[in-house]
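K.L.:
Here it is: the structure, laid out below.
The values are calculated or read from the model by the stated rules, or taken from the named source; none is laboratory data. What you see is a predicted model, and the numbers here were worked out from it, not measured in a lab. With ideal geometry, Cβ positions are generated from the backbone for all residues, glycine too; neighbour counts draw on all protein chains shown.
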Amino acid sequence: MPDEATGKTGVPSESRQKPERPRDHLGRPLPWDAENLLHLPDLDAMSADENHEIARRFVAQENWFGAHEAWETAWKKARGTGDEEFFKGLSQMGAGYVHLRRGNAHGAVTLWRRAAGRIARYPDGHRGVPTTSLTRRLEIDIASVDDGSLEPGETATLVPPDV
């Protein structure tokens, strides 16, 4: 295992970089000596806009962990702009789909509820996202998990939402 990073917590810098942990295709951490099965670009080197666009592409590819990570990075980069809650909501949406694929119904539903509440605060078409229909889609997916018509797991059948 790599040495522990030093420096101010939560602020990567030249002297404090979080080691990249190997992950499986659903973003679950693997042992440090395992082969990394999930490759993401250097999101920290990208702007909030670039992270938003790559997250949208990740959603189309059903790379939910990548979308979550890209929007989480956009959220951190957007602090103080008024878009931080928007990106936080989108990041939570992506994390909800990660939980769905991992078989965690409670985690998926909880994150989708939080995401819908944040995304709904923004006007339809904000940053190219149909916020009204996306919020409705999250509500439908919540109801579908609750009624059993959308079963969590790696083979959960769904069409990626329009983002």
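K.L.:
Among the residues of the stretch 54-98, count how many are more than 23 Å from Asp141 (Cβ to Cβ) and charged (D, E, K, R). Steps first, answer last, please.
P.N.:
Here is the first cut: in the stretch 54-98, the ones more than 23 Å from Asp141 (Cβ to Cβ) are 73, 76-84.
After this cut, where a residue has to be charged (D, E, K, R) as well, the list is 76-77, 79, 83-84.
Residues in the stretch 54-98 being more than 23 Å from Asp141 (Cβ to Cβ) and charged (D, E, K, R): 5 in total.
K.L.:
Tally up the residues in the stretch 70-83 that are surrounded by fewer than 24 Cβ atoms within 10 Å (Cβ to Cβ) and over 15 Å from Val129 (Cα atoms), please.
P.N.:
9
K.L.:
Does Asp162 qualify as being at pLDDT below 95 and out of contact with any Lys or Arg (no Cβ under 7 Å at 6 or more places or on another chain)?
P.N.:
The answer is yes for Asp162.
K.L.:
Residue by residue through the stretch 29-48, note down the ones that are loosely packed, with under 13 Cβ neighbours inside 10 Å and either of a type in the set (D, E, K, R) or assigned to a helix (DSSP H, G or I) (or both).
P.N.:
Asp33, Glu35, Asp42, Asp44, Ala45
K.L.:
Let me ask you something else. Regarding Leu30, is this residue in contact with a strand residue (DSSP E or B) (Cβ under 8 Å, 6 or more places away or on another chain), farther than 21 Å from Arg113 by Cα and modelled with pLDDT of 90 or more?
P.N.:
Considered against the rule, which asks whether it is in contact with a strand residue (DSSP E or B) (Cβ under 8 Å, 6 or more places away or on another chain), farther than 21 Å from Arg113 by Cα and modelled with pLDDT of 90 or more, Leu30 comes out as yes.
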